[in-house]
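The values are calculated or read from the model by the stated rules, or taken from the named source; none is laboratory data. Bear in mind the structure is a predicted one, so any value in this text is a computation, not a measurement. Cβ sites come from the backbone with ideal geometry, for glycine too, and all protein chains shown count toward neighbours.
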Amino acid sequence: MSSPLTPGQLVTLAPGIRRLVAPNPGVFTGPGTNTYLIGHKRVAILDPGPAISAHIEALVAVTRGVEVVAVAVTHTHIDHSPAAAPLAQALGVPTIGRVARFATGQDPSFAPDRIALDGFCLSTDAGDLLAIGTPGHASNHVCWHHPQAAILYTGDHILGTTSPVIQPPDGDMAEYLRALDALARLPDLTLAPAHGPLLPHSHGVIAALIEHRLQRERRVVTSVQENGPIGLDALVLRVYSDVDPALHAIARYSLEAHLLKLQADRRVICVHGQWSAS
Ligand SMILES: [Zn+2]
């Protein structure tokens, strides 16, 4: 299962499933965005990544002479979809995905030719890919289920070593947890995230991720009870004291997402930016 995550190196992960890592390593992207090629003769390309010409040219080169059915995306953050339009145009195929509720932080160039509604099917010679709406990290996030390979392509909804940032207003913690619950009801699958290696045993991974989020939520509630009324800047220091302060600016987004969920649950209230237990 552990294959190198080297940008530009095409790796076969399973029969009919290949991964090409885009050359965009970074804090949010790890080694780079994973672009998956599913199928050999009838190929779907998933998450083509940022519009980096070397990456687009490499994808065109590896699919030369075969039928590409579509360029699909899991969501439209800028490390996932900007290559979709130029790649689809070069290949003469449609783009598939959804449009986000809020434009902030999204790739403005993405306009799907077809909307990946729940159950939307992309047919490849390695089996069908079925769309499952999983809002939370992004309102338009879609995971792609590949039953024949027992794989779920999870985009940024489930990542390997880090828990995805939930950034309101497009990111929504309640939706995120509901979507995780729904994925936990699928059979036990191998997860293929958009950053990092394959993750075996979805049931264990998802259970741990839900527990991690709920643990953080409990910490938010306790910190607000003990210190409220309290603002986000002071609260992030208490709730994320176990996290590198360099990451607190990012953690602040997820903290806000937790608070908005707790507010909807009537467990906390916010007055003039100060949070208290209700
Ligand atoms: Zn993302």
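Results for (1) over 12 Å from the mean Cα position of the chain (by Cα); (2) away from the ligand (no atom under 12 Å from the Cβ), shown as yes or no for each residue.
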{"position": "D156", "(1), (2)": "no, no"}
{"position": "T162", "(1), (2)": "no, no"}
{"position": "V165", "(1), (2)": "no, no"}
{"position": "D181", "(1), (2)": "yes, yes"}
{"position": "A192", "(1), (2)": "no, yes"}
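Here the range 1-46 is the region considered, the condition is being assigned to a strand (DSSP E or B) and at pLDDT below 95, and the residue that is nearest to the chain's Cα centre (by Cα) is G30. When G136 is tested against the conditions (1) away from the ligand (no atom under 12 Å from the Cβ); (2) under 19 Å from H212 (Cβ atoms), the lone failure is (1). Look at the range 266-278: where a residue is touching a residue at least 24 places away in the same chain (Cβ under 8 Å) and surrounded by 16 or more Cβ atoms within 10 Å (Cβ to Cβ) and a partner is part of a loop (DSSP other than H, G, I, E, B) and of a type in the set (S, T, N, Q), sitting 6+ places away or on another chain with Cβ atoms under 9 Å, you get R267/S278; V268/S278. L177 fulfils the conditions (1) surrounded by fewer than 19 Cβ atoms within 10 Å (Cβ to Cβ); (2) assigned to a helix (DSSP H, G or I); (3) over 14 Å from the mean Cα position of the chain (by Cα) except for a single criterion, (3).
From the list A194, A131, A234, the one residue that fits, being out of contact with any Phe, Trp or Tyr (no Cβ under 9 Å at 6 or more places or on another chain) and on the phi < 0 side of the Ramachandran plot, is A234. Residue pairs whose Cβ atoms lie under 7 Å apart, separated by 6 or more positions or on different chains, with the first residue in the range 138-164 and within 14 Å of L198 (Cα to Cα) and the second within 12 Å of the ligand (Cβ to nearest atom) and charged (D, E, K, R), are G155/D47.
Among the listed residues A194, A208, which satisfies the condition of being among the aliphatic types (A, V, I, L, M), closer than 30 Å to P7 by Cβ and surrounded by fewer than 18 Cβ atoms within 10 Å (Cβ to Cβ)? Before you say what the answer is, go through the steps one by one.
Numbers: A194 fails: surrounded by fewer than 18 Cβ atoms within 10 Å (Cβ to Cβ).
Going through A194, A208 in turn, just one is among the aliphatic types (A, V, I, L, M), closer than 30 Å to P7 by Cβ and surrounded by fewer than 18 Cβ atoms within 10 Å (Cβ to Cβ): A208.
Taking S223 and the conditions (1) more than 16 Å from the ligand (Cβ to nearest atom); (2) small (G, A, S); (3) assigned by TED's automatic domain parsing to the domain that holds L130, which numbered condition does it fall short on, given that it satisfies the others? With (1) more than 16 Å from the ligand (Cβ to nearest atom); (2) small (G, A, S); (3) assigned by TED's automatic domain parsing to the domain that holds L130 applied to S223, the lone miss is (3).
Out of A58, A138, A70, A100, I need the residue that is crowded, with 16+ Cβ neighbours inside 10 Å, assigned to a helix (DSSP H, G or I) and at pLDDT 95 or above. Which one? Lay out the reasoning, then the answer.
Numbers: A138 fails: assigned to a helix (DSSP H, G or I); A70 fails: assigned to a helix (DSSP H, G or I); A100 fails: assigned to a helix (DSSP H, G or I).
Exactly one residue qualifies, and that residue is A58.
Set side by side, the residues T63, T95 differ, and just one is touching a Ser or Thr at 6+ places or on another chain (Cβ under 9 Å) and assigned by TED's automatic domain parsing to the domain that holds P168, which is T95. Checked against the criterion of being assigned by TED's automatic domain parsing to the domain that holds L117 and within 15 Å of the ligand (Cβ to nearest atom), the candidates A22, A44 yield just one match: A22. With respect to the numbered conditions (1) surrounded by fewer than 22 Cβ atoms within 10 Å (Cβ to Cβ); (2) within 16 Å of the ligand (Cβ to nearest atom), which one is the sole condition not fulfilled by L130? Against the list (1) surrounded by fewer than 22 Cβ atoms within 10 Å (Cβ to Cβ); (2) within 16 Å of the ligand (Cβ to nearest atom), L130 comes up short only on (2). Output the residue which, of all residues in the range 187-213 that are in contact with a Ser or Thr (Cβ under 7 Å, 6 or more places away or on another chain) and assigned to a loop (DSSP other than H, G, I, E, B), is farthest from V11 (Cα to Cα). By that ranking, first place goes to D188. Selection of the range 138-165 for residues being more than 18 Å from T35 (Cβ to Cβ) and either touching a helix residue (DSSP H, G or I) at 6+ places or on another chain (Cβ under 7 Å) or not assigned by TED's automatic domain parsing to the domain that holds G49 (or both) yields S163, V165.
Is it true that R216 is assigned to a helix (DSSP H, G or I), surrounded by 15 or more Cβ atoms within 10 Å (Cβ to Cβ) and not acidic (D, E)?
Yes.
Do the conditions hold for G119, that is, is it under 14 Å from the mean Cα position of the chain (by Cα) and not basic (K, R)? For G119, the condition - under 14 Å from the mean Cα position of the chain (by Cα) and not basic (K, R) - is not met.
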